[in-house]
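The values are calculated or read from the model by the stated rules, or taken from the named source; none is laboratory data. Treat the numbers as computed from the prediction; the structure is a model and nothing was measured. Here the Cβ positions follow ideal geometry from the backbone for every residue, glycine too, while neighbour counts run over all protein chains shown.
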Amino acid sequence: MPELPEVETVARGLRAVLPGRRITGVRLSAKTDFIDDPAALERELPGTRVTGIKRYGKFLVIELERTKQAEESGQIALLIHLGMTGQIVVGAPEAPVLPHTHVFLALDDGRELRYTDIRRFGRMGILLDGEHEALIGRLGLEPLEASEREFRQTITSRSAQIKALLMDQRVFRGMGNIYTDESLWRAKIHPRRLGTKLSEREVKALYKAVQNVLTEAIRSRGSSVSDYVDSDGQQGEFQLRHRVYQREGKKCFRCGSVIRRIIVAGRSSFSCPRCQRAPRSVRGGGRRKQGKRTYS
C-alpha cells in the first residue's frame, strides 16, 4: 500500500501541474464501488478550478473552487486514498488507457487526470465545507511535523507493540509496513517491544530514524515494490535502499545475521535477530521446576 513518501511524491507531482487548472468533464467506468457517491463526482466536479493539493497521512485532498460557470459558488474538495494499487497520472488524453482505469477528469489545458486501481481498495469522494476538519480529527500525528517531545509522549504513553503504534493511523498518520520496518531496523528496536518499555535513548533513536527514513524516501520518490508510480507514471527508487523490508533469509547489512520474518499486528515484519533484540517475553526464558528451558 502506498505510504506517506509515495503519497507525498504524488502530491508534489500534482502540485506542479494542477493548481489553476479547471476540470471540464468527468468520465467514470462501470466499476465505481470505491467512490463514495459517483453521481456527486459527475455533478460537482465539472466547472471547478483546482486551488491546491494537500496530503493528510495517506489521503490526498485536491482543493477546488467553484467558478462562475458552476451553478453554485464556494469551496469543495476531492478526497483520494490510493488503497493498495491506486495510481494517479496526468497526461495526454490520446495516451493508451491502462486496464482498470476507472476515473477520467478532463482539464482545460487539454490534458487528463486518470485514476487506475486494479483491486479497487482505494477511496474517492467529495468533501464539502467543514469536512476537512472531520477528516484530520480522525488521524494521528504527522510524523514529519511532530516534535521529538510529542513523539516521545505519544510512544511512551501506550503499552501496545511499537510496530502496531507506528502503523496505527489514529496515532501516526502515513506510516505503513515498509517505513515502520526500515525505521525500527535503523533504531535497533524489535517490532514487538512495547511503547512504554522503550528507554529515552531508544525513543530518541527511533524519532531520528523515522524522520530520516521518510525524508530519504521522499527524496527518492518513494518505493516501487508493487504497483506504485508517481503522477508522471514513473517508479520510485527507495526500494533499492531497503535494508530489512522483504529481505527474509538475507544477511543484515549491519551485522551479517540472517533477517527473519515474523507476524506483528497481523502484518509480516522483517527484523534482524541480533541488531533488534526481541523482548524477554518473546525470546522466552526462565526455568521450569524440572530445570528445562521453555520458549514462547
In this structure, is Ile35 of a type outside the set (Phe, Trp, Tyr) and out of contact with any His (no Cβ under 9 Å at 6 or more places or on another chain)? no
Being touching a Phe, Trp or Tyr at 6+ places or on another chain (Cβ under 7 Å), among the aliphatic types (A, V, I, L, M) and within 13 Å of Phe34 (Cα to Cα) is the filter here, so list the residues in the range 81-125 that pass it. Met84, Val103, Met124
Test set (1) modelled with pLDDT of 95 or more; (2) under 15 Å from the mean Cα position of the chain (by Cα); (3) over 30 Å from Arg149 (Cα atoms) - Ile218 fails condition number: (3)
For the range 182-216, which positions are hydroxyl-bearing (Ser, Thr, Tyr) and either free of Cβ contacts under 8 Å to residues at least 24 places away in the same chain or in a loop (DSSP other than H, G, I, E, B) (or both)? Ser199
Selected residue (only one of Asp108, Asp117, Asp129 is out of contact with any helix residue (DSSP H, G or I) (no Cβ under 9 Å at 6 or more places or on another chain), crowded, with 17+ Cβ neighbours inside 10 Å and in contact (Cβ under 8 Å) with a residue 24 or more places away in the chain): Asp117
How many residues are surrounded by 13 or more Cβ atoms within 10 Å (Cβ to Cβ) and in contact (Cβ under 8 Å) with a residue 60 or more places away in the chain when one looks only at the range 32-52? 9
(1) assigned to a loop (DSSP other than H, G, I, E, B); (2) surrounded by fewer than 19 Cβ atoms within 10 Å (Cβ to Cβ) all hold for Pro2 apart from (2)
Of all residues in the range 224-251, count the ones that are in a loop (DSSP other than H, G, I, E, B) and touching a residue at least 40 places away in the same chain (Cβ under 8 Å). 14
Could you give me the residue pairs with C-beta distances under 6 Å whose first residue belongs to the range 257-270 and is in a strand (DSSP E or B), whose second residue is of a type in the set (Ser, Thr, Tyr) and surrounded by 15 or more Cβ atoms within 10 Å (Cβ to Cβ) wherever it lies, and which are 6+ apart or on separate chains? Ile262/Ser269; Phe270/Tyr245
